[in-house]
Structures are given as structure tokens and as C-alpha cells.
Amino acid sequence: MAFAIEFFLRRLSQGLLIVLLVAFVIFTLLRVAPGDPIRIILGPMATATAMEETAQKLGLRDPIPVQFGRFVLDVAQGDFGRSFIRGKQGGASGGSQDGAMDMADRAPVMGLIATALPYTLLLAGLGLVFSFLIAVPIGLAAGLNAGRWQQKLGLYVSSLFVSLPNIWVGVVLIYLLSAKSGLLPAIGYRNFAYAIIPAIVVAVEMSPVLIRAIAVSIASNVQEAYFDIGQVRGIGRNRMIYRHVLRNAAVPLLNVFGAQMIGMLLGGLFVVEYIFSFPGIGLLTINAVFQRDFPIIQAVAILASAVLVLINILVDFASTTIDRRLKF
Amino acid sequence: MAAEPLVRVDNLSVTLAGRGGQGGTRPVLSDISFDVAPRSVLGIIGESGSGKTVLSNALVNWVQAPLNIASGHIFYGGRDLLALPETEMAKLRGREIAYIGANPTVALDPTVPVGRQIVEKLMEVEPGIARAAARRRVIETLDAVRIPSAGRRFDEYPFQFSGGMMQRAMIVDALVSNPKLLVADNITQPLDVTVAAQIIRLLRDLQNDFETAVVFISSALGVVSDIADDVLVINAGRIVERQPAGALTRAPEHAYTRALIEKVPRLWTGAQTPAASHAADVVLEVRDVERTYVVPDRTTLFGENRVRAVRGVSFDVRRGESFGLIGESGCGKSTLSRLLSSIEPPDKGAIRVGGQDIAGLRGKPLLEMRRRFQLLLQDPYNAIAAHASIGRTIEEPLRIHGLASGAALKARVRDVMAEVGLPADLYDSLPVGLSAGQRQRVNIARALALEPSLMILDETLSALDQVEQARLLALFETLQQKHGITYLYISHDLAMVRRVCARIGVMYLGRIVELADNAAIFENPRHPYTRALLSSVLTVEPKPFLPETYLLEGEPPDPIHIPQGCSFRSRCPFAFDRCAREDPALVFDGAGAAAACHLADGQLPQAAPLIAAGGHPIPPAN
Ligand code: SF4
């Protein structure tokens, strides 16, 4: 118990520091990048005085550390600022007025993210479920049968999946499952069925890593002395696999999951949501990038880094709970 | 022996298939036949490579490709184990026939508490038993093998157990289901002598209580003749002799057995010892060196434990001398070797080489010091890169130190290769296929290429068999005479230390408790711990210090909780009240010997007259 408290106190405080650092870098980069945000807010027709007035009002002329401090205080209260472009009612409203603008009718970033998040979570969850459905049986069979056809199958499947670009997989699946046969809907989102094809694309991208990680960690544990000795001690082979090999294999798997898969998942979601016009965080962000809607970009980047840090803390905690030799 | 044998092995032959299934097969065991009587202990002795481990695996019908049972039967309870279907065999394994291997630390799942895994096994082989009852029985058996506070230990993980504790746990695991036959394959090999002696005694007692027949396989004759009723000698896959244990050491019949007995190193009768050299100057001066590690404590918030690995060690090593450091595992030997080879600095104290403190060295002088000071470790496998040729591997240190290049470099490498006995044609080959001994020679050549003045040999020879070990020791001696190299041996192998080290320090819990010349340490040791170490050696010769008087119980306390007063107090058979109050200092007498004990010279028991182990006087070796 003491260990758990100490672990989380230490790791969460480290994590907070990392996220703050990432936030500061992103915040600074976006402000020194070319392109005056006031121009984006007010549109190309705004006068110089109107622009200066808005800039003063938004505090954009203060030194960056001061702006960052203000930003962090706001974020601590759950306020990520407002979109430069998107109106409260939805749709872009940038540049429609002349004269000093009123930020109050722009949509709060937090609200935009909150609306998009459930879609992304659904897609990510379903994608993970699919990739586990593909990878667990193939990886397990490959790991337990080193040197036999199951191992080759695992190798072939994962090499095949790795070599398929996800855009191509997306297009082919849309063509086969949606356009040609009408089995599943594909573009946009109206109900659960809309998530299935995108989730398959996500799964195809993720499963090779998973297949390999499972196969390798299972195979190396089967070679450990305890596996053979356990059977000589009188414990059945299947029980050794289910109770001991899987447990030990979980530690490297968790690490692959935290270090590699979550990053891949985040990246993959952006592309897939864009291909399928799936209204999640990825689509929101990509549109924001095209429109230079900095508040959204920075909020998503900071939240993504926080999610990564948090998941890695949980993964490490799970690892130390399974294998008490590990120290963090 | 009128009773029906429990096991009858009949003409067993095992072969090893060549690579890739072709290339023919090689016999590993040929025509092995023997009986095991119920409730008896059968010892099987053989050198490494004699096929004894394969035999132990065959007894539990666990022979796997590329090994193959070519012919023969193993009858148990009227059935031939080798003909049983795997499902039937699986029912016998662990229940009626138990097995303990040589390496207890890898025998269990590292992520599950030890006790729970034993319960798991018990419930698997005795399906009717309730979990609570199984747990009770496991804790009782853990108690029976004298694991302290068994209830708490039950929930600890394998990595929290020392090798000896783990081997006890494996004995519990084997005996908890009351098997009729226990196959013990080299179970004392990785253990310290003190612990090995305890394990042997324990197994003997338990074997009586549990009425189990034991097949005890080992390469150490001393160990086997100590525990077994009958001993079977096996050489190159064949049985050469079978005799009762006492008779075997007294009157071996087969030439191979005689050679085997001959090879067992002697510590007392006719021991070879090196001469002490007091004249030469001091090369290495170690003064009050201390090292403490801080490790996190999982049970308290932000808690830390201080592991006091080395607690004030001082000694001198003279030029051209061989100095030995001995002690059980965990006594601080390895930490000290790291400090001496400046892999890490001591917290306190000074290590002076040729009068200069190595702690303050940086840059060039440090490199120069490292050149003169070479460390050779136990494991010859990890130290050599697999992808570089042997010549390159030996060149590398010369390049790093910029001592030679081009043709001179090559010539130098060939010279040292010849010196350590590596054939010159190995220069361009990769290290795959080298034996452990040859690998160790590559390491020695690497070190020697730098013309070091001091070599630290940290368990360097422990992984090698006796023949190879003897060859390398002879090599070290020649090198010493030729180049005047000083050696610091760090080892738990008392026989080796007896043979090569002129001066010896005995370490216990991070301190030197006795420091004296070879003869004084082995013939008239003044510290109870030294005597305990000597009493636990399992040899074939009479011992001056008998286990009845000195044998230690348990293991050293962990270096986090060191007892007040004399740190050996918790295990010392002679501790008295002053020991609890006062920490004895290492006091030198006139002859340059020192012991840290409150007892004065005459207060320890007399050394026993030399009587053979097992009570039989042995004939003089000739
Ligand atoms: S000082 Fe006391 S406890 Fe320590 S070794 Fe001597 S007799 Fe034993």
C-alpha cells in the first residue's frame, strides 16, 4: 500500500512536470510560428488599429512566459480558451466581421473537444478490440509453437499488415464493404455501424506490433527453465501456460502497449478519422491545422501528451504489480 | 537387500542426434542398469559431461530432442515409465516421483510468491485437498526444512530468497506430496559450502522422516559419499563401479574411481600450499574502506534501507603474492572487488596502489592505473563479444590504451595467445564453439596483453570443471613467476584458495574477521567463523574441525540489519555476553595474523585428530 501511494505521488508529480514542459514548448512554437493569429481571427479585411486593439485585449502582446502563465492558470480551471475560427453554433465565423471582434461568440475549445471525444474513444476502443481479436490467437499460436507453421503464419500476417498503408486499406474496405456490397456505412457518423470499417483499418495498423510482441514474449517465457521444471514438478502444461507464461509475458506486452501502441493509436486515429470524415478529435485537429486554429491544436497536443504520460504510469504500475522485481 | 526394488533401470541407452537430424548420433548413456531400494539413498557420481544429468532426466521420463532414448526400460511399480503414455506419466511426476534440479533460483515463476507456487503444485497433484489445508501443510513443511518464519516467507517472491533458501523451498516442493522417489540432480552445486552442508544434513533427516528413496546425483565426491548409502560411479555414459559409500572411498575398484578420488583436492592431508612472501614491498594497500547502498523500502512511505555491503576493510597485498578473500555469498566480496577495480568509489577509506590513492584519479592517470590493474570475472560468456574475432577481442584493450598498432599489435596478441595456450589459428575465428575454459583464456589473454601488475580474479575459475581449473591455476603460477604479477583471488572455493593463496582474509558481513597466512588460516584458525567454514567443507579426507562443533545454522543476517556487538554473534556457537555489547576489533599478533573475536587464543576447542569422514581412517595417499 505504501508502495502504491509513493509510486503514484512520485510518478504523477514527474508526469505533471513533463506535461507542463511539453505544453510550454508547444505554446511557444505556435506563437513564434509565422502567421499572426489576429489576422486569422479577424480575417483579411481587418484594419491595423482593430487588429492592435484585439491583440491588446487578448493579451497577445505580453511576453510569452506571462501569456503561458495565464494559460496554465486557465487550464487548471478547465478552460483551454476559445477557438479562433469556430462559432458557438458550429461552423466557421472567422473574418466575417470587420472592426474589433467579440471573442465571446467563438466556441470554447473544451466544449469542442468534449463533443468529439466520445467518438474518438469509441473508435479507439473498437480498434483495440479488433486488433486483440486478430493478434491474440495468432501471436499465442506463434509463440507456443516456435519453429512450426504457426510461427511462420504469425510472421507472414504481421509482415503483410505492416506493408499495407492505412489509406489504401481504408479505400479498399470502403469499396468492398460499403460501395460495392452496401454491408456497412462508411463516411461520417450516424450510428455505431459507422465505426466498424474505420476500426478495422486501425486494427490492421496496430495488430502487427501486437502479434510480434505477443509471439516473442510468449516464446521467450516458454524457454525459461521454470516452464519445463514446472511440468516436471507435476503441474500440467496448460496450467503452466495459463497461470505462469501468460502472466510473465504480460510485462513486456504492457511495455510495448505503453511505449509503442498508444502512440501509434493516436497517430493512426488522426489519419483514419480524416479518411472517413469521422467526427472525432483527429478530424477536429486536422481541420484546426488547416485553419491555423491554434488554441485547438495546442489543447489537443497537451491533452495527448497527458494521456500518454498517464497511460505509461498505469502500465508501469501494472508491471510492478505483476513482477515485483521491477523498480521504478 | 531382499526387498523388491522401487526402481529398476534396465539397459538404458540415450543418444544425442547430430545437428539437423543428420550426421549420425552419439551415445550419451550406454547400457545403464541399476536398482534403487525403497527408502535408500543412491549416490551417482560423475564428472561434467559424463551423462549424469541426462540420467536424472530419464528417471522422470523428461528426455527431450535432440536427446533420444535408444533402448532400455525404467520399471517403477511394475510399469515401464518410458512406455507410459504422457498423461499417465504426468500423473506420477511430482506426486510419486519428484525432481530437484541444480539451479533453484530459476525453478519457479519469478512473479508469484514461493509458497503459493508450492500450494499450486500440491493442489495439482492432490486434487482433493482444500486450499487452506494445502497452505497449512506447505507452511509446516517449510518449518521442517528450517526456513525461519515460514509463515512470512510463504508470501515472499523467489528473488527474495537466497540460493540456499530457495533450494530448501524446492526440497519442500518435492517432499510436500510425500513422493516415493526423489531425484536430486546436483542440488548443492551452486551453494556455499556452509549452506550445502546444511542442505545435505537436512535431506538426510527428511529422507528418514518421509521414507523417500533418493537418487542423489553430483560431481562432488565429498558430497555424495557424505549422504549416500550406495554410490554408483559413471564415466562417459557407462557405469564403472557400484559400492557402498564407505567402501568406495576406502577401496575403489575401478581405475577411473581411483583417479576421481585422487583428483579431489585435499585441504589437510598432503595439501599443496604456496610459500608466503614477506620480503617484497606492498603493491595494494586497502584502508578502512566502506560502501553502503541505499535501496528503497517498499513497505513504508518514502522508506529507505541502508545496505552496508563493506564496513571498514583493511589489508595489504605484497608484490608477487597471491592474496585470497573468502566468505559466503553476500559477505561483501563482490562489492569489494568492484571498489578495488574502481568500477565504483568507496564511501570512505582509501585504496592505494603503489602508494597512490586511486579514488582521486581522473583521465590519463586513471587509465594508466586501470591498465596495471585487471579484473577477471566469473562469467566467461558475457565478457566476449560474439561477433568479433578472437584476435580482435584481445587487441581491443591494446588499442584503447594506444599501446601498440599495426604489426606490433598483431605480434603482441599472438604472443599472449601463445602464453595462455590458445592456438594461433584461433586468431581469426569467432568465439562460437569455444569451451568455457578457452573463453576464460581469451579473457586472460586480453588482460595479460596490457602487462598488468595486479590481477583481481573474482570467482574467475568457479564455472570451470576441476581439470580445466587446475590447468588455469598452473598457468597463473607460470605467469606470476615470469612477470611478477600479484593476484587477488576472490572466491568461495576453499580448496583452491588453500592451494594458491599465501595470505588469506576471511570476510563476514562486510568485514574481514580473520587475516593470516595460509597455514594459520587452515591449520590453526582463531575465529569461530573461519572454523565453521572449514568444518562445512565436504571432502574425502579427515577434517580437523568437525561440523558437530562448528556447523552453522541458517544464513548470515542481511546486511541491512546487522547485529549489535560482534556481527557474527547470531550464528556463533561460542557467543557469550561480552559479544553482545562489544564489537571485537581485528587485532594483530606478533606473527602478522589477526582475528576479530573476544575469545583468546586457547579458548577455542582443540582441533580434532584427523579421522576420516564417516569415521573410517583412510590409508595414506600413495
Ligand atoms: S566475539 Fe563472540 S560472537 Fe563474535 S566470534 Fe568471537 S565468540 Fe563468537
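When we measure straight from the Cα of A:Lys152, which aspartates and glutamates land under 20 angstrom away, once same-chain ones fewer than 8 places off are left out?
Within the straight-line cut-off, A:Lys152 pairs with A:Glu205.
Using Cα-Cα distances under 8 Å and only pairs 6 or more residues apart, what relative contact order does the range B:485-549 have, in percent? Don't skip to the end; give the middle numbers.
Values: 53 pairs, mean separation 13.0, N = 65.
Computed over the range B:485-549, the figure is 20 percent.
Going by C-beta contacts inside 10 Å, put B:Ser535, B:Ser567, A:Ser178, B:Ser218 in order with the fewest on the left. Before the final figure, lay out each step's value.
Values: B:Ser535 21, B:Ser567 25, A:Ser178 17, B:Ser218 28.
So the residues, fewest neighbours to most, are A:Ser178, B:Ser535, B:Ser567, B:Ser218.
Using the number of other C-beta atoms within 10 angstrom as an exposure proxy, rank A:Tyr175, B:Tyr99, A:Tyr194 with the fewest first. Intermediate results must be reported in sequence, preceding the final value.
Working: A:Tyr175 12, B:Tyr99 26, A:Tyr194 22.
Lowest to highest Cβ neighbour count: A:Tyr175, A:Tyr194, B:Tyr99.
Among A:Ser181, A:Gly267, A:Ala114, pick out the residue whose Cα is farthest towards the positive end of the charge dipole of the range A:112-322, where Lys and Arg carry +1 and Asp and Glu carry -1 on C-beta, about the Cα centre.
Value: A:Ser181.
With each run of n ≥ 4 DSSP H residues scored as -39500 (n - 2.57), what mean residue ellipticity at 222 nm is computed for chain A after dividing by its residue count and rounding to the nearest 500 deg cm²/dmol?
Numbers: 14 runs with 224 residues, N = 328.
Value at 222 nm, helices only: -22500 deg cm²/dmol.
May I ask you to compute the full-extension gain from B:Ala519 to B:Ala580, defined as 0.36 nm times their residue separation minus their alpha-carbon distance, rounded to one decimal in nm? Provide the component values of the computation, followed by the final result.
Details: separation 61, 0.36 × 61 = 21.96 nm, distance 3.04 nm.
Contour length minus the Cα-Cα distance gives 18.9 nm.
Which FRET efficiency value, to the nearest 0.05, is calculated for A:Ala146 and B:Ala236 with the Förster distance at 35 angstrom and r the Cβ-Cβ distance?
Working: r = 33 Å, r/R0 = 0.93.
Once the sixth-power term is evaluated, E becomes 0.60.
With contacts defined as alpha carbon pairs under 8 Å and 6 or more residues apart, what's the relative contact order of chain A in percent?
Result for chain A is 22 percent.
If Lys and Arg each add +1 and Asp and Glu each add -1, what is the summed charge of the other residues whose beta carbon sits under 11 Å from the beta carbon of B:Val193?
Local net charge: -3.
Roughly how many Å is it from the Cα centre of the range A:38-65 to that of the range B:218-268, as a whole number?
Spelled out, the Cα-based centre of one part sits 96 Å from the other.
With a sphere of radius 15 Å drawn around the Cβ of B:Gly332, what net charge do the other residues whose Cβ falls strictly inside it have (Lys, Arg +1; Asp, Glu -1)? Display every interim value, and only then the final one.
On the way: positive: B:Arg291, B:Arg306, B:Arg308, B:Arg311, B:Lys333, B:Arg338, B:Lys348, B:Arg511; negative: B:Asp192, B:Asp288, B:Glu290, B:Glu328, B:Glu344, B:Asp347, B:Asp458, B:Glu459, B:Glu514, B:Glu555, B:Asp558.
Local net charge: -3.
With a ≥ b ≥ c taken as the square roots of the eigenvalues of the C-alpha gyration tensor of the range B:1-155, please select rounded if a/c is under 1.5 and otherwise prolate if a/b is larger than b/c or oblate if it is not? Each step should come with its number before you reach the end.
Numbers: a/c = 2.06, a/b = 1.68, b/c = 1.23.
The shape class here is prolate.
Provide the FRET efficiency to the nearest 0.05 for the B:Arg306-B:Ala385 pair, computing r from the beta carbons and using R0 = 45 Å.
Values: r = 37 Å, r/R0 = 0.82.
Efficiency for this residue pair is about 0.75.
Using r as the Cβ-Cβ distance of A:Asp74 and B:Leu366, and R0 as 51 Å, what FRET efficiency do you calculate, to the nearest 0.05? Could you put the intermediate results ahead of the total?
On the way: r = 54 Å, r/R0 = 1.05.
E between A:Asp74 and B:Leu366, to the nearest 0.05, is 0.40.
Counting just the Cα atoms, what span does chain B cover along each of its three principal axes? Round to the nearest Å and put the largest first.
That works out to 73, 66, 60 Å along the principal axes.
Can you spot the aspartates and glutamates whose alpha carbon is less than 19 Å from B:Lys348's alpha carbon? Ignore those fewer than 8 places along the same chain.
Within the straight-line cut-off, B:Lys348 pairs with B:Glu285, B:Asp288, B:Glu290, B:Asp316, B:Asp357.
Determine the alpha carbon to alpha carbon distance for each of B:Lys263/B:Lys543; B:Lys180/B:Lys263; B:Lys121/B:Lys333 and list only those over 26 Å. Show your work: numbers first, answer last.
Numbers: B:Lys263/B:Lys543 17 Å; B:Lys180/B:Lys263 34 Å; B:Lys121/B:Lys333 37 Å.
B:Lys180/B:Lys263; B:Lys121/B:Lys333, as the Cα separations exceed 26 Å there.
Pull up the DSSP beta bridges for the protein assembly as shown and report the antiparallel fraction as a percent, rounded to 5. Mind showing how you got there, number by number?
Details: 57 of 94 bridges.
Within the protein assembly as shown, antiparallel bridges account for around 60 percent of the total.
How far is helix A:149-163 tilted, in degrees, relative to the longest principal axis of the Cα atoms in chain A, given as a value from 0 to 90 rounded to the nearest 10?
With rounding to tens, the tilt is 10 degrees.
Could you please state, rounded to a whole Å, how far the C-alpha centre of the range B:451-481 is from the C-alpha centre of the range A:222-293?
Each part's Cα centre sits 49 Å from the other's.
Lone cysteines in chain B, going by a 4.7 Å Cβ-Cβ cut-off?
When partners are defined as cysteine Cβ atoms under 4.7 Å apart, chain B leaves B:Cys331, B:Cys501, B:Cys572, B:Cys597 without one.
Got a sec? How would B:His483, B:His527 order by Cβ neighbour count within 10 Å, fewest to most? It would help to have the intermediate numbers written out before the result.
Working: B:His483 14, B:His527 26.
Lowest to highest Cβ neighbour count: B:His483, B:His527.
Starting from the Cα gyration tensor of the range B:131-289, take the square roots of the eigenvalues, sort them a ≥ b ≥ c, and report rounded, prolate or oblate (rounded when a/c is under 1.5, otherwise prolate if a/b is larger than b/c, else oblate). Can you show the working numbers first?
Working: a/c = 3.06, a/b = 1.22, b/c = 2.51.
Cα axes put the range B:131-289 in the oblate bin.
If you average the alpha carbon positions of the range B:321-379 and of the range B:132-151, how far apart do those two centres end up, in angstrom?
Here the answer is 43 Å between Cα centres.
Let me have the relative contact order for chain B, percent, based on Cα pairs under 8 Å that are six or more residues apart.
13 percent.
Excluding residues fewer than 8 places away in the same chain, name every one of the lysines whose C-alpha is closer than 26 Å to that of B:Lys410.
Excluding near neighbours in sequence, the set is B:Lys364, B:Lys482.
Please report, for the Cα atoms of the range B:313-355, the Rg to one decimal and the Dmax as a whole number; what are they, in angstrom?
11.2, 31
Quick one: grab the alpha carbon gyration tensor of chain A, order the square roots of its eigenvalues as a ≥ b ≥ c, and give me rounded if a/c is under 1.5, else prolate or oblate depending on whether a/b is larger than b/c. Walk me through the numbers on the way to the answer.
Numbers: a/c = 3.35, a/b = 1.72, b/c = 1.95.
Because a/c hits 1.5 or more and a/b fails to exceed b/c, chain A counts as oblate.
If you wrap a convex hull around the alpha carbons of the protein assembly as shown, what volume per residue comes out, as a whole number of Å³?
On the way: hull volume 230.5 nm³, N = 950.
Spelled out: Cα convex hull of the protein assembly as shown, divided by residues, is 243 Å³.
Restricting to DSSP H runs of at least four residues, report the calculated mean residue ellipticity at 222 nm for chain B, -39500 (n - 2.57) per run over all residues, nearest 500 deg cm²/dmol. Mind dumping the intermediate values first?
Numbers: 21 runs with 203 residues, N = 622.
Mean residue ellipticity, 222 nm, calculated: -9500 deg cm²/dmol.
Using only the Cα atoms of the range A:127-260, what are the Rg and Dmax in Å?
Rg, Dmax (Cα atoms, Å): 18.0, 59.
Values in this text are rule-based calculations from the coordinates and carry no lab data. What you see is a predicted model; the values in this text were computed from it and never measured. Because the Cβ atoms are built from the backbone with ideal geometry, glycine has one as well, and the counts that use them run over all protein chains shown.
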